[in-house]
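Student: Sending over a structure as structure tokens; questions will come in a sec.
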Amino acid sequence: MPPTNLAAPADPEAVTTPSTQTPRNAPTTPPDRKRVPNNATAIDATDTPIFRRHAPDTGTNPLDRPHALLQAGRLDEAEQAYRAIVHTDPHNPDALTALGLLAARRGEMERAAALYGRALVADPRHGPALAGLTGLQGEHAATGESRLKALLTGDPGNAALHFALGNLLAGQQRWSEAQQAFFAAHSAAPDNPDALYNLAVALDRLHRPPLAARYYRLALDAAHERPAGFDTRLAQARLEALAPAVPGAATP
């Protein structure tokens, strides 16, 4: 069950996206009766991670190798492998979406949008492609929210859709709802560091230091195992800033 009884912040700070920005210095002032200053930022859909809901790699799926290269941070090799798949299968939505993700990470937003669009032509319900395109287009929040919720009705275990919904809600500072969406993304993809990190940010904005610290730590642990879209230095600094507000906490 996700954390409950989360009160909305009285004076939330603005969300800044995307995660590729240079982060401001992390706060170091220990909390007292005032809330802990918070500079942590949720990563947005222009850096949507590849969420996999299937069994571990078997070697029989042509997508296994490029996915492994992507998760290992070998982006040039991953791109070449995805391109090879698209060359033989021009309508493969997974490969097209991954190429869109790589283009977005390079700042080639028009190309990314075109690739996400091709993926959606091949599969109109492809969650990761829709999540990526929604973030790139910055479409009207109400429209994007409705589309994502409609798709989640038919595919409630889609981590990418929950992740995209959480970012839309966070962009409106609807942190309680965003927290629920990020928790759902984490539940569908338990080892994904970006889902863990965004969940920590949402809990942090809701002034729940113990839970926020727990998920910051889990996100950092997960980031040791696979590439993450968030700044691990900022996450570590935030974790240390929260320590005085967490009974029995000890920072490394």
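Student: If you plug each phi of segment 213-228 into the Karplus form 6.51 cos²θ - 1.76 cosθ + 1.60 with θ = phi - 60°, what whole-Hz ³J(HN,Hα) values come out, in order, with x for Gly and Pro?
Tutor: Here the 3J(HN,Hα) series is 4, 4, 7, 4, 5, 4, 5, 5, 4, 5, 5, 6, 9, 7, x, 10 Hz.
Student: Hey, with R₀ at 25 Å, roughly what FRET efficiency would ARG83 and HIS224 work out to, going by the Cβ-Cβ distance, to 0.05? Before the final figure, lay out the partial values.
Tutor: Values: r = 29 Å, r/R0 = 1.18.
Approximately 0.25, to the nearest 0.05.
Student: Whole percent per 5 Å bin, from 0 to the bin with the longest distance: what is P(r) over all C-alpha pairs of segment 77-232?
Tutor: Percent of Cα pairs in each bin: 2, 10, 17, 20, 21, 16, 10, 4, 1, 0, 0.
Student: Label-point separation (nm) for ARG233 and SER187, each offset 7 Å from Cα along Cα-to-Cβ?
Tutor: Going by the 7 Å Cα→Cβ label model, 3.6 nm.
Student: Here is a further query. When the solvent-accessible surface of protein heavy atoms is calculated with a 1.4 angstrom probe, in what order do GLU79, GLU177 fall, highest first?
Tutor: Numbers: GLU79 25, GLU177 80 Å².
Solvent-accessible surface, decreasing: GLU177, GLU79.
Student: Using 7 Å Cα-to-Cβ label points, what is the ALA68/ASP123 separation (nm, one decimal)?
Tutor: For ALA68 paired with ASP123, the spin-label model returns 2.1 nm.
Student: What is the list of residues in segment 186-217 whose amide nitrogen lies under 18 Å from a point 7 angstrom out from the Cα of ALA243, following Cα to Cβ?
Tutor: Under 18 Å, as judged by backbone N against the label point of ALA243, lie 209-217 of segment 186-217.
Student: Would you mind calculating the relative contact order of segment 159-250 from Cα pairs under 8 angstrom and at least 6 residues apart, reporting the percent as a whole number? Numbers along the way, then the final one.
Tutor: Working: 120 pairs, mean separation 20.6, N = 92.
Rounded, it is 22 percent for segment 159-250.
The values are calculated or read from the model by the stated rules, or taken from the named source; none is laboratory data. Just so you know, these numbers come straight off a predicted model, no measurement behind them. FYI the Cβ positions are ideal-geometry reconstructions off the backbone, even for glycines, and counts take in every protein chain you see. Note: accessible area is taken over every heavy atom of the protein model, side chains too, but ligands, DNA and RNA are not part of it. Shrake-Rupley method; radii C 1.70, N 1.55, O 1.52, S 1.80 Å.
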